[in-house]
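Working notes, structure below.
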Amino acid sequence: MTSTPSAPTDTAALRAEAMAALDRVGAAVPAPVAGHPSVTARTPLTGADLFPVAAASRDDVAEAVGAAHAAFRVWRSVPAPVRGRTVKRFGQLLEEHATDLAALVTLEAGKIPAEALGEVQEMVDICDLAVGLSRQVGGRTMPSERAGHRLTEQWHPLGVVGVISAFNFPVAVWSWNTAVALVCGDPVVWKPSELTPLTALACTALLDRAAAETGAPADVHRLVLGGRETGDALVRDDRVALVSATGSERMGTAVAPVVAARHGRTLLELGGNNAAVVMPSADLDLVVRAVVFAAVGTAGQRCTTMRRLVVHEDVVEPLLERLRTAYAGLPVGDPREPGTLVGPLVSAAARDAMVAALEAAVADGGEVVVGGERVDVAGAPAAAYVRPALVRMPHQTAVVRRETFAPVLYVLPCRSLDEAVDIHNDVPQGLSSSIFTRDAREAERFLSEAGSDCGIVNVNIGTSGAEIGGAFGGEKTTGGGRESGSDSWRAYMRRATNTVNYSDELPLAQGVSFG
Ligand code: NAD
C-alpha cells in the first residue's frame, strides 16, 4: 500500500462544481420522483455519491422511442446537407463548452484533464466529419446488362437508432453514433451508462439547443437515463431500427439475440484484449513510451487498453527492465492534481476484479514485476486507486485471455513472429493490436490476412488512441461493429437498389425469355 499527497475536494465542493458546469451548459438535473426509477450520480475521484437523478421507466422509454419515431417521419425528408447544419451547430456548442464538459468527464469517469479534453475534442471532430458526410452519403451506379436500363443504389435513412454507451467513454462513443446518425436522417434515443448521467445531461442540453436553433424536430434526440432495465426496454422496442451498443462482452451477449429475434440491426462495440508484438529490431525507447500510454492511460479502462505484450525473447529482459522503471515512477492520484497520469478505477468492484486477476495470474505461474498495490489518496477513502501492474507470464492462461478492465499488462515471451501472431490471436476478443519493428517484412506480415485478426492493426504505435477518420471496431467477441469514420455511416442507412427502364422494350435479366 502506498500513499500520495493528492487531496480531492470534499463532496459538497464536488457537487457544487458539477452543478456549476451543468448550469453553464444549460442542463438541469431532473429530481427523482417517488415510486419512479432513479440513478445516483457519483464520482470515482472520491467514491462519493453526488445526487440522485430521475431515470426512465419502461413506459418512459416507450414514450421516448415513440416521439423519436414520429420525428423520424419529418427528419428523414429534410435534405442531408440541411441536417448537417444541426450537427455543425452542435459541434460549435461542444467547442464553446469544452472545459465544462471535460470537467464533468473527469468528475464522473475519473479521467485526467488532458484525456477528458481529448474525449470532448473527439466529439467536435466527429461533428466535422459528419457535416462533410452530409454532402457525400450516396450510392453507386452499376452498368445494367439490359439496354435502356439504369441500375443504381440509393441510401435512405434507417429509423430510430438506440445508443447504449459505456462509462469509460461517457460522451465520445455516443457522439460517434449520434453525429453520423443525425446526418443520415435517423433520430437517436440514448441510454448512457448509469455511472455517467451528468455528462449525458450536459451533452443532451447542447444538442437540444443546436436542434432548436437550426429548426430540427425537438425529438430528434432523446435521453433515457437508467441501468440495464432501461437499456433492455430500448433493445426490445421494435421501433428501434438499429441498436448501437458499447460495453462488455456480457452485455453484447445479452443484447444481440434480443435484437436478432425481432430482426433488428445491431452495431456492437464490446470488450477488447489488445496486444502489441515487440520484435528484436524495435526501437525500445519508442516502445516504452507507447506501451505506458496504451497500458495505463485512463487507468487501463479503455476498450483499446494494451493488456498483453508479446515480446521476442532477445529483447524481453531489457524491455521489462525499462518498463519496470517507468511503471515504478507513475504518478497515481486525483486526476486533477497537476502531473497525475493515472486516476482512479471506476469502482471498488473494478479494483476487486484487478486483485482477483493478479492472484489468478500468480497461481498460473506469473510474476508481478511491479505494481498492483492499492493507493490511498487523502480525502478519498471510498475511491479505488491502484498502481498499474506489470506481470510476466510463462504463457497465455485463462486469466490473460479475459478482459480485466483495469491496468494489468501481461508480458508473454515468444521466439518468432509466427509464434507471436499465434499468441496474439489466441484470445476471444479482436479489437486492437500493434507491432513494433523496423523490419518492413515483419510489419507487412502482421498487417496481412495471416497476421493480426483485429479490427485495428497498427505499426510502431500503441493499441489505443484511434483517430475518428477511420472505421473503429473489432472482430470476434468484440462484436464486429464499425463506428465513426470511413464508410461506417452505411450501418445507419438502408440501401435500395433501383432499376429504371427507359426503353420501349421489356428485356429480362439473365436473358430469360418468358412467353
Ligand atoms: P457494461 O457492459 O457494464 O455497460 C455498458 C452499457 O450497457 C451500460 O449503459 C449498461 O447500462 C448497459 N447494459 C448492460 N447490460 C445491459 C442489458 N442486458 N441490456 C441493455 N443494456 C445493458 O460496460 P461498462 O462497464 O460500462 O464499460 C466497460 C466495457 O465496455 C469494457 O468491456 C470495454 O472494453 C467496453 N467498451 C468497448 C468499446 C468499443 O468500442 N469496443 C468502447 C468502450 C467500452
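The values are calculated or read from the model by the stated rules, or taken from the named source; none is laboratory data. Owing to the predicted nature of the structure, the values given are computational and were not obtained by experimental measurement. Virtual Cβ from ideal backbone geometry, glycine too; neighbours counted across all protein chains shown. Quick note on the areas: whole protein, heavy atoms, side chains included, nothing else; ligands and nucleic acids left out. Shrake-Rupley method; radii C 1.70, N 1.55, O 1.52, S 1.80 Å.
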Spans of strands (runs of 3 or more DSSP E) in the stretch 370-444 with at least 2 residues open to solvent by 20 Å² or more (accessible area, probe 1.4 Å) and within 24 Å of GLY110 (Cα to Cα): 374-377
Single residue of THR478, THR463 found to be assigned to a loop (DSSP other than H, G, I, E, B), touching a helix residue (DSSP H, G or I) at 6+ places or on another chain (Cβ under 7 Å) and within 20 Å of PHE169 (Cα to Cα): THR463
Single match in GLU229, GLU269 (criterion: out of contact with any Leu (no Cβ under 6 Å at 6 or more places or on another chain), under 24 Å from PHE472 (Cβ atoms) and among the acidic types (Asp, Glu)): GLU269
PRO335 being modelled with pLDDT under 95 and either more than 17 Å from ARG307 (Cβ to Cβ) or part of a strand (DSSP E or B) (or both): no
Top-ranked residue in the stretch 252-267 [being part of a strand (DSSP E or B) and over 17 Å from GLY430 (Cα atoms); ranked as least open to solvent (accessible area, probe 1.4 Å)]: THR266
Check on GLU337, of a type in the set (D, E, K, R), over 22 Å from ASN425 (Cα atoms) and not assigned by TED's automatic domain parsing to the domain that holds PRO44: yes
Filtered residue count, the stretch 200-228, keeping only those that are within 16 Å of the ligand (Cβ to nearest atom), buried (at least 19 other Cβ atoms within 10 Å of the Cβ) and either not in a helix (DSSP H, G or I) or not assigned by TED's automatic domain parsing to the domain that holds ASP100 (or both): 5
Selection status of TRP174, in a strand (DSSP E or B), of a type in the set (A, V, I, L, M, F, W, C), without any contact (Cβ under 8 Å) to a residue 60 or more places away in the chain and open to solvent by less than 20 Å² (accessible area, probe 1.4 Å): no
Output for the stretch 177-199, where each listed residue is within 14 Å of the ligand (Cβ to nearest atom) and either under 16 Å from GLN92 (Cα atoms) or surrounded by fewer than 24 Cβ atoms within 10 Å (Cβ to Cβ) (or both): GLU194, LEU195
Qualifying residue in the stretch 157-168 (condition: out of contact with any Lys or Arg (no Cβ under 8 Å at 6 or more places or on another chain) and within 14 Å of the ligand (Cβ to nearest atom)): yes
Failed criterion for ALA116 (all others in (1) of a type in the set (A, V, I, L, M, F, W, C); (2) open to solvent by less than 20 Å² (accessible area, probe 1.4 Å); (3) free of Cβ contacts under 8 Å to residues at least 12 places away in the same chain hold): (3)
Entirely in the stretch 1-103, the strands (runs of 3 or more DSSP E) that have 1 or more residues that are surrounded by 15 or more Cβ atoms within 10 Å (Cβ to Cβ) and touching a helix residue (DSSP H, G or I) at 6+ places or on another chain (Cβ under 7 Å): 38-42, 49-54
Verdict on ALA147 being more than 10 Å from the ligand (Cβ to nearest atom), touching a residue at least 24 places away in the same chain (Cβ under 8 Å) and over 28 Å from GLY469 (Cα atoms): yes
Filter pass, VAL292 being within 16 Å of the ligand (Cβ to nearest atom), among the hydrophobic types (A, V, I, L, M, F, W, C), touching a residue at least 24 places away in the same chain (Cβ under 8 Å) and farther than 18 Å from GLY430 by Cα: no
Pairs with Cβ under 7 Å, 6+ apart, first in the stretch 393-407 and not assigned by TED's automatic domain parsing to the domain that holds GLY343, second open to solvent by less than 10 Å² (accessible area, probe 1.4 Å) and within 13 Å of the ligand (Cβ to nearest atom): none
Check on ARG494, out of contact with any helix residue (DSSP H, G or I) (no Cβ under 6 Å at 6 or more places or on another chain), in a helix (DSSP H, G or I), away from the ligand (no atom under 16 Å from the Cβ) and under 25 Å from VAL240 (Cβ atoms): no
Long-range neighbours under 6 Å by Cβ, at least six apart or interchain, first residue free of Cβ contacts under 8 Å to residues at least 24 places away in the same chain and more than 12 Å from the ligand (Cβ to nearest atom) within the stretch 465-485, second part of a loop (DSSP other than H, G, I, E, B) and open to solvent by less than 40 Å² (accessible area, probe 1.4 Å): GLY470/GLY485
Subset of the stretch 268-326 (residues that are open to solvent by less than 10 Å² (accessible area, probe 1.4 Å), assigned to a strand (DSSP E or B) and hydrophobic (A, V, I, L, M, F, W, C)): ALA275, ALA276, VAL277, VAL278, MET306, LEU309, VAL310, VAL311
Given (1) in contact (Cβ under 8 Å) with a residue 40 or more places away in the chain; (2) surrounded by fewer than 21 Cβ atoms within 10 Å (Cβ to Cβ), index of the condition ARG140 fails: (1)
Positions within the stretch 241-251 being surrounded by fewer than 23 Cβ atoms within 10 Å (Cβ to Cβ) and either more than 7 Å from the ligand (Cβ to nearest atom) or in a strand (DSSP E or B) (or both), in sequence order: ALA241
